[in-house]
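Have a look at the structure below, then the notes.
The values are calculated or read from the model by the stated rules, or taken from the named source; none is laboratory data. As the structure is a computational prediction, the values presented were derived from the model and not from experiment. All Cβ positions, glycine included, derive from the backbone under ideal geometry; neighbour counts span all protein chains shown.
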Amino acid sequence: MPASSHNSLGLYFSIPFCRAKCTYCNFASGVYPASDHARYVDRLLEDLANAPSWAESMQVDLPKQVDTIYFGGGTPVLLAPELFTRIFAAVRDRFQVDADAEITIECAPGQLSDETLASMAEAGVNRVSLGVQSFVDREAALSGRLHTRTQVLDDLRRLRAAGIANLNIDLLAGLAEQTMSSWRESLSVLAETGVPHASVYMLEIDEDSRLGRELISGGARYSAGLVPTDDAIARMYEDAILAFADAGLQQYEISNFAREGQASRHNLRYWQRRPYLGVGLDASSMLRSSVEEDRAVLRATTTDDLSGYLSNSEASSETAWLGSAQQLEEAWFLGLRCNSGVRIDDLRGEFGASAIEPPVDAARRLAADGLLIMEGDIVRLTSRGRLISNDVFAEFLGLASAVEMAR
Ligand code: SF4
């Protein structure tokens, strides 16, 4: 879809606090005292207030109209209700939030207090994403999650009772001690919950996580030696696609599945290259140049150092301008993530016929290898391509370098 046709904004808030660190986690999150939460929200609101002047100084467009808001982390529901109230008041003060905006909060099951749930619902939160990872209690416990299956089911009931029915459940394939049979148990419990959205991630162990360090050093505390093989994880992923299709959850992106009309609007904007402003620790933004005739795109990421972020009101962001060549590369590898695929006509309209020739040739080669499928002017990943999507995407890097840079 041509990116220029969108003039609304998505807001992302990073809330990096967790009650315990999961064994596989490599996010910029940690266990911090509640006293840090209020300080952090102060900083967050400072950044939100400064966003228009920052955008002006960077010469990027910051749309005022907001149609998606996403609180990720970390465990955002650990914030006290009054902190949420402050954030929402500041957002509504500075932006025009659509009446039907999608407002999502990530939630660690078993950690949502009644007070926080009530304040979320009152503030307009209408979507909750639960980091379940496994419905098998031993697997969840081994990975450092603090919940049981019973608590997840209870949270779903409470959320629905509070009027929040747009629910996502995350599952993770590749946890320690996971087997094909325990994986199928998780898939089947998820299907029984009737949630309209599910996400499945294939665990890649990062050497900076506790699990990764144990894998290298050979310990036994987190059962790192009992992590499924890559082949087994790939089979689990393929199994999930079939099981979810049976349950009415159609795959629409490599890791995401939804009932008709219930795809995550916020996450779609990342893959469709629509503007978003990320606020808080390690948060990313993507905004378009406000200079007439300049089609450059700015990507910015905030520091991932919490103490630096808290103590410095001029928090450093890493910024990079993307010219046409890099945008065309992104259009391929972000677009191919979605089952709707990449539409060659749209790319031709946005980047010009000669610029898209090298990547289209690459797509033809990958189609001949069975990794992509080309139907008319639409290009999509095949199931095999989806399993090694990063290798497929790498084939598009550098191909567009002949395109004249916009900036
Ligand atoms: S809840 Fe999420 S962010 Fe927090 S430690 Fe676990 S995986 Fe990391």
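Here are some notes:
- Scanning segment 100-148 for residues that are in a helix (DSSP H, G or I), under 30 Å from PRO52 (Cα atoms) and more than 16 Å from the ligand (Cβ to nearest atom) turns up SER119, MET120, ALA121, GLU122, ALA123.
- The number of residues in segment 342-353 being part of a helix (DSSP H, G or I) and touching a residue at least 12 places away in the same chain (Cβ under 8 Å) comes to 7.
- Long-range neighbours under 8 Å by Cβ, at least six apart or interchain, first residue on the phi > 0 side of the Ramachandran plot within segment 57-71, second in a strand (DSSP E or B): GLN59/SER289
- Residue check for GLY163: within 16 Å of the ligand (Cβ to nearest atom) and either surrounded by fewer than 18 Cβ atoms within 10 Å (Cβ to Cβ) or assigned by TED's automatic domain parsing to the domain that holds LEU242 (or both): no
- All conditions but one from (1) at pLDDT 95 or above; (2) in a helix (DSSP H, G or I) apply to TYR70; the one that does not is (2).
- Hey, VAL91 within 16 Å of the ligand (Cβ to nearest atom), in a helix (DSSP H, G or I) and either more than 19 Å from the chain's Cα centre (by Cα) or in the same structural domain as TYR32 (by TED's automatic domain parsing) (or both) or not: no
- Positions within segment 1-18 being crowded, with 17+ Cβ neighbours inside 10 Å and in a helix (DSSP H, G or I), in sequence order: ALA3
- Unmet criterion (only one of (1) part of a helix (DSSP H, G or I); (2) at pLDDT 95 or above) for VAL97: (1)
- Where a residue in segment 12-23 is free of Cβ contacts under 8 Å to residues at least 12 places away in the same chain and not assigned by TED's automatic domain parsing to the domain that holds PRO81 and its partner, wherever it lies, is within 7 Å of the ligand (Cβ to nearest atom) and of a type in the set (A, V, I, L, M, F, W, C), with Cβ under 6 Å and at least six apart: none
- Residue list for segment 159-191, filter: hydroxyl-bearing (Ser, Thr, Tyr) and either under 23 Å from the mean Cα position of the chain (by Cα) or not in a loop (DSSP other than H, G, I, E, B) (or both): SER181, SER182, SER186, SER188
- Residues in segment 361-384 that are under 14 Å from ILE254 (Cβ atoms) and in a strand (DSSP E or B): LEU372, ARG380, LEU381.
- Residue pairs meeting the criteria (Cβ under 6 Å; at least 6 apart or on separate chains; first of a type in the set (D, E, K, R), in segment 24-43; second at pLDDT 85 or above and more than 14 Å from the ligand (Cβ to nearest atom)): ARG39/LEU310; ARG43/LEU310
Let's see how each residue does on (1) surrounded by fewer than 17 Cβ atoms within 10 Å (Cβ to Cβ); (2) more than 27 Å from ASN312 (Cα to Cα); (3) within 10 Å of the ligand (Cβ to nearest atom):
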residue	(1), (2), (3)
ALA20	yes, no, yes
THR23	no, yes, yes
ARG43	no, no, no
ALA55	no, no, no
LEU62	no, no, no
PHE71	no, no, no
GLU82	yes, no, no
ASP98	yes, yes, no
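- Meets criteria (out of contact with any Leu (no Cβ under 6 Å at 6 or more places or on another chain) and free of Cβ contacts under 8 Å to residues at least 12 places away in the same chain) for ARG337: no
- Index of the failed condition, TYR309 passing every other in (1) surrounded by fewer than 20 Cβ atoms within 10 Å (Cβ to Cβ); (2) at pLDDT below 95: (1)
- The conditions of being outside any loop (DSSP other than H, G, I, E, B) and not assigned by TED's automatic domain parsing to the domain that holds GLU204 are met by LEU277.
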